[in-house]
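Asker: Take this structure, written in structure tokens, and hold onto it; I'll ask about it next.
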Amino acid sequence: MDGLTDANKYLEGNSVKIKIISMYKFMTPIISDFQKHINTDIDSFLVEAETRFLRCCDLLLVDLSKKDWQYVGSLMEIVYAYLYGIPIYVVGENAIVYRKWLKAHATKIFAHLENAIKHIEIYFRSLLKVS
């Protein structure tokens, strides 16, 4: 599997009625449109919009697989999700996934996206009590 499209196809193919949405892909057009019409700093708007979006989620799937990436926004989203009681699934194999704070906040950490998607499928099936 490669990316969200494949993950969603896999879940749909296994009759799991969930949708994985990229917050980045969802928010980027909104932010771009906002910047065209308003000549101001949008940092606060972005944080508020993303936290509202996050509060509507059943879980957070975070890709921390890029080597030498800062992940400031992703780590903040993890903290917010943790505070909201939202399950957090992290994907990545680099050194960041071994950090104590990340391990304390993540529900589960996976080396590969495929394993995370399969776990999410099992998680939702258990909630729905579907075999």
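The values are calculated or read from the model by the stated rules, or taken from the named source; none is laboratory data. This structure is a prediction, so every number in the text was calculated from the model and none was measured. Here the Cβ is made from the backbone with ideal geometry for all residues, glycine too, and neighbour counts use every protein chain on show.
Asker: Condition test on residue 78, is it in a helix (DSSP H, G or I), modelled with pLDDT of 90 or more and buried (at least 16 other Cβ atoms within 10 Å of the Cβ)?
Answerer: Against the criterion (in a helix (DSSP H, G or I), modelled with pLDDT of 90 or more and buried (at least 16 other Cβ atoms within 10 Å of the Cβ)), residue 78 qualifies.
Asker: Now, a different point. Is it true that some residue in the stretch 41-51 is at pLDDT below 90 and either outside any helix (DSSP H, G or I) or touching a strand residue (DSSP E or B) at 6+ places or on another chain (Cβ under 7 Å) (or both)?
Answerer: Yes; the residues of the stretch 41-51 include at least one that is at pLDDT below 90 and either outside any helix (DSSP H, G or I) or touching a strand residue (DSSP E or B) at 6+ places or on another chain (Cβ under 7 Å) (or both).
Asker: Among the numbered criteria (1) of a type outside the set (A, V, I, L, M, F, W, C); (2) loosely packed, with under 12 Cβ neighbours inside 10 Å; (3) at pLDDT below 90; (4) on the phi > 0 side of the Ramachandran plot, which single criterion is violated by residue 85?
Answerer: (3)
Asker: Tally the residues that are out of contact with any helix residue (DSSP H, G or I) (no Cβ under 7 Å at 6 or more places or on another chain) and of a type outside the set (Val, Ile, Thr), restricting the search to the stretch 60-74.
Answerer: Adding up the residues that qualify gives 9.
Asker: Only residues in the stretch 106-123 that are buried (at least 17 other Cβ atoms within 10 Å of the Cβ) count as the first member; pair them with residues that are among the polar types (S, T, N, Q), Cβ under 7 angstrom, at least 6 apart or cross-chain, and list the lot.
Answerer: Every condition considered, the pairs that remain are 121/14.
Asker: One residue is enough: does the stretch 35-51 have a residue meeting the conditions surrounded by 15 or more Cβ atoms within 10 Å (Cβ to Cβ) and of a type in the set (D, E, K, R)?
Answerer: Yes, because at least one residue in the stretch 35-51 is surrounded by 15 or more Cβ atoms within 10 Å (Cβ to Cβ) and of a type in the set (D, E, K, R).
Asker: Working carefully through the options 62, 90, find the one that is of a type in the set (Val, Ile, Thr) and either under 20 Å from residue 46 (Cα atoms) or without any contact (Cβ under 8 Å) to a residue 24 or more places away in the chain (or both).
Answerer: After applying the criteria, what remains is 62.
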